[in-house]
1. Being surrounded by 10 or more Cβ atoms within 10 Å (Cβ to Cβ) and closer than 18 Å to residue 20 by Cα is the filter here; which residues of the stretch 80-91 pass it?
2. Can you tell me which residues in the stretch 78-98 are free of Cβ contacts under 8 Å to residues at least 24 places away in the same chain and within 24 Å of residue 36 (Cα to Cα)?
3. Return yes when residue 54 is within 14 Å of ligand 1 (Cβ to nearest atom), without any contact (Cβ under 8 Å) to a residue 24 or more places away in the chain and at negative phi and no when it is not.
4. Here are the criteria: (1) of a type outside the set (S, T, N, Q); (2) within 13 Å of the chain's Cα centre (by Cα); (3) closer than 11 Å to residue 9 by Cα. Tell me which single one residue 94 does not satisfy.
5. What's the total number of residues in the stretch 1-52 that are in contact with a strand residue (DSSP E or B) (Cβ under 8 Å, 6 or more places away or on another chain) and of a type in the set (S, T, N, Q)?
6. Filter the stretch 6-60 down to residues that are of a type in the set (S, T, N, Q) and more than 8 Å from ligand 2 (Cβ to nearest atom) and give me whichever is nearest to residue 83 (Cα to Cα).
7. Consider residue 40 against the criteria (1) within 14 Å of the chain's Cα centre (by Cα); (2) in contact (Cβ under 8 Å) with a residue 12 or more places away in the chain: it satisfies all of them except one. Which criterion is unmet?
Amino acid sequence: AFVVTENCIKCKYTDCVDVCPVDCFHEGPNFLVIDPDECIDCTLCEPECPAEAIFSEDDLPDAQMKFVDINAELSQTWPIISERKDPLPDAEEWDGKSGKTEMLER
Ligand code: SF4
Ligand code: F3S
């Protein structure tokens, strides 16, 4: 499956959701996740993310490994999002900042 990682937090550009053929993105307050049981590995979302936050599980940087479990867990309770919307207001400011995992709102 593909995995949404830390740099989505506080940005949430949502370009990714428009291209997913199986609607497997789920939305939380300041982050999106992919349901690993629904993702068909089509790869379409990865290049769409302006924050480069989406990776194949097979290419995940070591520091982002924890996001495998975070995507699997939160996709069970968060609602599906299938249409793009405005990014979070300070998205540009937060894009590329480190240490955002602690700011993930559930
Ligand atoms: Fe959806 Fe394809 Fe991305 Fe999986 S890889 S989340 S199926 S767009
Ligand atoms: Fe997040 Fe990138 Fe999608 S910032 S909402 S994974 S386009």
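Rule-based calculations on the coordinates, nothing more; no lab input. For clarity, every value in this text was computed on a predicted model and none was experimentally measured. Note that we place each Cβ from the backbone using ideal geometry, even for glycine, and neighbour counts take in every protein chain shown.
1. 80, 81, 82, 84, 85, 87
2. none
3. When the stated conditions are applied, residue 54 does not pass them.
4. Against the list (1) of a type outside the set (S, T, N, Q); (2) within 13 Å of the chain's Cα centre (by Cα); (3) closer than 11 Å to residue 9 by Cα, residue 94 comes up short only on (2).
5. Residues in the stretch 1-52 being in contact with a strand residue (DSSP E or B) (Cβ under 8 Å, 6 or more places away or on another chain) and of a type in the set (S, T, N, Q): 3 in total.
6. This residue is 30.
7. The single condition residue 40 does not satisfy is (1).
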